[in-house]
Amino acid sequence: MVVQNNPSFHFADLARSGVFTIPAGRAFAQDLASGILAAVQRPEDLAAVKILVPSRRAAQALKTAFIQQSEGRALFLPDMQPIGDVDEFDPEFLSVTLTADEVVELPPAASVTDRHIVLARLIQSRPIGGQRLSPAQSFQLAASLARFLDQVYQAGGGVESLNEAVIPSEFARHWADILTFLSIILKNWPDITRERGVMDPSARRLALLDRQLTQWADRPPETPVILAGSTGSLPKTVEMMQAIRQLPKGVLVFPGHDGESPIDADHKAILGDVGHPMHQLFTTFAELDLAPGDVALWPVCARAPAELARTALMKQVFLPSEQTARWRQIGRDHPEITAEGLSGLRLIEADDTHHEADIIACLMRQALDRPKQTAMLVTPDRQLARQVRAALMKWELDVDDSAGTPLPLSRTGHYLQLIAEWAQQDGSAQALLALIKHPLASGRMAPAQFRQLGRQLEKQVLRGYLKQSNRQGITALLQAEPDLRPLLAFYETHILKPLSPLTEAFANKNITLDALAEAHGKAAEQLAQTDIENQAVQALWSRDDGVVAARLLGELAASGNSLAVQTTDYADLYHVLASQQIVRSVWRSHPRLAILGTVEARMQTADHIILAGVNEGSWPPAQDFDPWTNQPIRAALNLPDRRWRVGLSAHDFLMQVCTSHVTITRARRSDDSPTTPSRWLERLKAVLAAAKLTEWLDNGIPQDIKAALEHHLNHPVRPVAMPAPRPAVAARPRKFSATEFDSWISDPYFIYAKKILKLKPLQPVDKRPDAALRGTLIHKAIAEFTEQFPSGDLPDTAADILYHIGEQTFAPYFWHPPIKAFWLARFRVIADWFIHHERHIRTGVVKTLAEQKGQISLDAPHGPVTITATADRLDLHIDGGLSIIDYKTGAAPSKTKVENRRATQLLIEAVIAQSGGFAADKSIIPNGFKALEYWQLSGGLEKAARITEVLPSGFDAEQDRQYLSDLVCKYDDADQPYLPEPNPHDRPDYSDYRHLSRVREWRPQEVDDD
């Protein structure tokens, strides 16, 4: 509602009282603007008004409020400036009486990065626990030390105060060391900054405010000066409030106080409760020599009954803990607490944070269905804010989080982080692939062409076993294959060459941080360059995140010459520094929806306010981790209580929860762990129960939103039909290996995907040596030994020969340390067992053959089908019998499985042998089968190997040949489908293609072992 100029009060009337409050629940910026407009006599007088607010965001909100209150009329806006971040680069902030010459007299402020570099160097100079910290660890501590220095400057403390701190003897000894270190820092820090020609940012900010206060004292302005929206949490702010009260037209407007005067006991209890929302305000009143009753309501604050009832309710919710016994008599003592105070208030408890984000997104989207309605999410949980933002994208609503995004999570910041990690890992396959897939990487090519070649490099080179996962190893691999020469040119010209500034810098053992940062930025530009000249500069640095990233690299390049770093630490160091840089959007991305942090939400308002993440640890926040101070140190330096943020957070919550339309949300679980409801919610429920108003609180998800979110659950799950591909006979395979038959029997879709669609699973990037490779190497070594000694007695040195063969076989993979340390040791155990067993069985064996390939042809309606096999070992006995042996380094099939024809490999090899299919030696036409065996070669110390005999009783190779022929003929019919897992209780243990058959869509009720 617009308040027109009211002749009943003017600025002289406001200044006469001088101190006002706008209660919680009111639209602070709107009421403030409305009251100021009502007090000015002429429109041009508004331009002479100076308004100081806590933050830039608050100044923007107040500017918007003035424009809205003007109802489209031309308006001279007042001078609105923040007091929380004084900066000479924003000259409009400074008082009109503070000249530019006086500002120039002060040295420039040290940049955040410069200050962290100096502090990190000081921290590195002192061992902690007998060890020096890495640069990344030093910078992490430097950030917390910088915050400590800010608090010390704001509290007016110094080294003299620190000398008064006494560390009790029962405290850990390191506190005394920390106290000594802090004394050195506080004593020498001004000299350190003076030598560098700069001032500490906090010290400079306070110096500017001191000059402003001095000028106000010497030449008080005759124009109105209003300080609004501050609770006075900083000593210098209180000092400024005292100065403004002395000005002819100075006015203070506080947030949240309802204007009533509490009784002395209540007033004293609030002053003693750091977590109370009014604690800081009442403390400030006391420092200004004011009683709460002396603070008048802002003239235009006409309060509705529902607003008064809500405020009365929340006053009881936030009672100091020693007074909560009063709740028993709340119905008798507080008749003003009625159900009307719950009108427009809703509490929603979601299952988890994802559910909570979906609910909030629906509530915000719902606001757009009502003309001109606005909605605002306020939460201290930035992860939840990102989830809500992602959920809103379902409706193509891009709503920025005004609290900002850490630089490493932004597009340019992540790109720079990937480049640093690539260099630190010497161009490993994992780091390379992550980098070339980033949308900013182009390597002086058209982006589409760069992506295409990058995918080829990934599939043909980076996936699978890599001997050397670094720049040299990848280059050698590309040079070794003539077919890969085009990819070699791409890799060297469009990846390595653009990144060469950073690789050359990493080769310098005595590199400093400034040189690394400069090389980092140059490499980033060169790799981002497309085929269009200078496009990289615009792509990298023109967006909000690019501006922040450029500033960070620029500050490192300007200040980092004093800090030598190990290149192995650079990526971690950069990540620490970048994480402290916040990227904020310059413009509000949506005119009616907003996602705000608690600080950004001050002085903001909306038709529907959603307070989210109301759990312990978020709202109120968990206690800050402070490695530098304990209670004696904080007391000596006059630093605020560790819990002071709880009271500030409570004030933020109170200001929002008292508005007319509020939804409070929380999640019962977060990251698969139960959460604890905020103490304020528990208090609210207790107060409502005592006042017998619980049933009047709207609980749960609105029905329309619940129906939308659960729409898919209201319908019974109807599985789709099982896939039943029926390719033409001409497309069906005519050749199978023995190892494919088990999958063909249990999962025919496997054959369809592998042999008809010709799909091959991708190997992992930079695949680490695994059990499959171990089995291959053991097979190869034993096969080579068997080929050397196919018959007769083994020599006395057989074990040493097998050792040597094994070492040669494993040697190409010794670049992976566990292979030599563990695999080769296990192979020696296997070799000892193998030689001992071989000497025992050779007395009845004429000849042993290794890795014998064989095949047979089976007749089918549309032409012959070939079955192939490679037998690990064939033993031809004196009586003409044959033993077929398969080596296993993992689990071996049981005899039951073989008898049930669910493990058919050895049976198929027997069929091929019976048919003379092992053509390498025509003598292998067995006179019966002595054995079908699996040799499980584990290399364990307790049992090196285990032999499993699986020859079925009464085995007849002709019967199994007919079984194979029937299976082949069955699928040589165009009407026979390749069904996925036709028997769920007999499906394969593992399949590379199961996800393609989408089993869960047509068989939602899985078997027990799924």
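The values are calculated or read from the model by the stated rules, or taken from the named source; none is laboratory data. Remember, predicted model here, so these are calculated numbers, not experimental data. All Cβ positions, glycine included, derive from the backbone under ideal geometry; neighbour counts span all protein chains shown. The accessibility values were calculated without ligands, DNA or RNA, using every heavy atom of the protein model including side chains. Shrake-Rupley method; radii C 1.70, N 1.55, O 1.52, S 1.80 Å.
Can you confirm whether PRO335 is more than 23 Å from ARG668 (Cβ to Cβ) and in contact with an Asp or Glu (Cβ under 9 Å, 6 or more places away or on another chain)? So PRO335 fails the test.
For the range 44-71, the tally of residues that are closer than 22 Å to GLU600 by Cβ and open to solvent by 60 Å² or more (accessible area, probe 1.4 Å) stands at 7. Taking the range 789-815 as the range and being touching a Phe, Trp or Tyr at 6+ places or on another chain (Cβ under 9 Å), in contact (Cβ under 8 Å) with a residue 40 or more places away in the chain and either farther than 20 Å from TYR887 by Cα or open to solvent by 50 Å² or more (accessible area, probe 1.4 Å) (or both) as the test, only TYR813 passes. Entry remark, the range 355-385: residues being loosely packed, with under 15 Cβ neighbours inside 10 Å and in a helix (DSSP H, G or I) number 1 in total. Just one of the numbered conditions (1) of a type outside the set (Gly, Ala, Ser); (2) over 27 Å from ALA367 (Cα atoms); (3) assigned to a helix (DSSP H, G or I) is not true of MET655: (2). Checking each residue in the range 311-354 for being open to solvent by 50 Å² or more (accessible area, probe 1.4 Å), under 16 Å from ALA690 (Cβ atoms) and part of a helix (DSSP H, G or I) picks out LYS315, SER321, ALA325, ARG326, ARG328, GLN329, GLY331, ARG332, ASP333. In the range 704-756, the qualifying residues are those that are over 17 Å from TYR993 (Cα atoms) and of a type in the set (Val, Ile, Thr), and the one that is modelled with the lowest pLDDT is VAL717.
Checked against the criterion of being open to solvent by less than 20 Å² (accessible area, probe 1.4 Å) and under 56 Å from the mean Cα position of the chain (by Cα), the candidates LEU937, LEU979, LEU941, LEU967 yield just one match: LEU937.
Condition check ((1) under 30 Å from ALA564 (Cα atoms); (2) part of a loop (DSSP other than H, G, I, E, B); (3) at pLDDT 80 or above) across all residues:
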| site | (1), (2), (3) |
| --- | --- |
| LYS63 | no, no, yes |
| GLN68 | no, no, yes |
| GLU71 | no, yes, no |
| VAL96 | no, yes, no |
| GLU102 | no, no, no |
| PRO107 | yes, yes, yes |
| VAL118 | yes, no, yes |
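Every condition in (1) in contact with a helix residue (DSSP H, G or I) (Cβ under 6 Å, 6 or more places away or on another chain); (2) modelled with pLDDT under 90 is met by HIS608 except one, and the failing one is (2). Consider the range 214-234 and keep the residues that are charged (D, E, K, R) and not in a helix (DSSP H, G or I). The one that is nearest to PHE254 (Cα to Cα) is GLU222. Taking the criterion of being open to solvent by less than 40 Å² (accessible area, probe 1.4 Å) and either assigned to a loop (DSSP other than H, G, I, E, B) or of a type in the set (Lys, Arg) (or both), the residues of the range 677-722 that qualify are SER678, ALA691, LEU693, LEU697, GLY700, ILE701, PRO702. Looking for something of a type in the set (A, V, I, L, M, F, W, C), open to solvent by 70 Å² or more (accessible area, probe 1.4 Å) and closer than 30 Å to PRO977 by Cβ - is there at least one such residue anywhere in the range 736-758? Yes, because at least one residue in the range 736-758 is of a type in the set (A, V, I, L, M, F, W, C), open to solvent by 70 Å² or more (accessible area, probe 1.4 Å) and closer than 30 Å to PRO977 by Cβ.
Which residue, of ALA869, ALA860, is within 30 Å of ALA974 (Cβ to Cβ), surrounded by fewer than 20 Cβ atoms within 10 Å (Cβ to Cβ) and touching a helix residue (DSSP H, G or I) at 6+ places or on another chain (Cβ under 7 Å)? The conditions single out ALA860. Taking the listed residues GLY443, GLY473, GLY454, the one that is within 30 Å of ILE819 (Cα to Cα), of a type outside the set (Asp, Glu) and modelled with pLDDT of 90 or more is GLY473, with no other qualifying. Residue selection: ASP545 satisfies the criterion of being of a type in the set (Asp, Glu) and crowded, with 22+ Cβ neighbours inside 10 Å. Taken together, the criteria place GLN131 among residues that are surrounded by fewer than 18 Cβ atoms within 10 Å (Cβ to Cβ) and modelled with pLDDT of 50 or more. Only one entry in HIS257, HIS267 is under 21 Å from ILE337 (Cα atoms), open to solvent by 20 Å² or more (accessible area, probe 1.4 Å) and modelled with pLDDT of 90 or more, namely HIS267. Residues being in a loop (DSSP other than H, G, I, E, B), closer than 30 Å to TYR813 by Cβ and assigned by the TED database to the domain that holds LEU540 are represented in the range 433-444 by at least one member.
Checking each residue of the range 473-480 against the condition of being within 32 Å of the chain's Cα centre (by Cα), free of Cβ contacts under 8 Å to residues at least 24 places away in the same chain and open to solvent by 60 Å² or more (accessible area, probe 1.4 Å) gives no match. Scanning the range 386-418 for residues that are charged (D, E, K, R), closer than 26 Å to THR598 by Cβ and either assigned to a loop (DSSP other than H, G, I, E, B) or open to solvent by less than 10 Å² (accessible area, probe 1.4 Å) (or both) yields ASP398, ASP400. Hey, any hits in the range 765-788 for a residue that's closer than 30 Å to LEU477 by Cα, open to solvent by less than 50 Å² (accessible area, probe 1.4 Å) and basic (Lys, Arg)? There is at least one residue in the range 765-788 that is closer than 30 Å to LEU477 by Cα, open to solvent by less than 50 Å² (accessible area, probe 1.4 Å) and basic (Lys, Arg). Every test in (1) touching a strand residue (DSSP E or B) at 6+ places or on another chain (Cβ under 9 Å); (2) free of Cβ contacts under 8 Å to residues at least 60 places away in the same chain; (3) closer than 30 Å to ASP875 by Cβ is passed by HIS779 save one, and that test is (2).
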